[in-house]
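The values are calculated or read from the model by the stated rules, or taken from the named source; none is laboratory data. Since the model is a prediction, treat every value here as computed from it, not as a measurement. Cβ: placed from backbone, ideal geometry, glycine included. Neighbour counts: every protein chain shown.
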């Protein structure tokens, strides 16, 4: 299924790290919000995978599901 590519901008909340991503438009993304309406759980409309979301305890940040990153993107993750 083809999707229009758009430029996404983002980065660290302090703005010292910035990134640009050429990717699909958000037409395949849906968001589930409940309770305090602070956390925003973002899902793929087709498979239901949460690849990223806005955490309730850090609403200015984005949490990324590490398993959804392409292979080779990270050399080390400390939990």
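Each row is one residue, and each column tells you yes or no for (1) assigned to a strand (DSSP E or B); (2) at pLDDT 80 or above.
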position	(1), (2)
8	yes, no
13	no, no
27	no, no
46	no, yes
53	yes, yes
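In the stretch 46-60, what residues are loosely packed, with under 11 Cβ neighbours inside 10 Å and either without any contact (Cβ under 8 Å) to a residue 12 or more places away in the chain or within 26 Å of residue 4 (Cα to Cα) (or both)? 46, 47, 48, 57, listed by residue number. In the stretch 58-70, the residue that is nearest to residue 36 (Cα to Cα) out of those that are assigned to a loop (DSSP other than H, G, I, E, B) and at pLDDT 80 or above is 59.
When residues in the stretch 41-59 are screened for being over 10 Å from the mean Cα position of the chain (by Cα) and within 22 Å of residue 23 (Cα to Cα), 6 of them pass.
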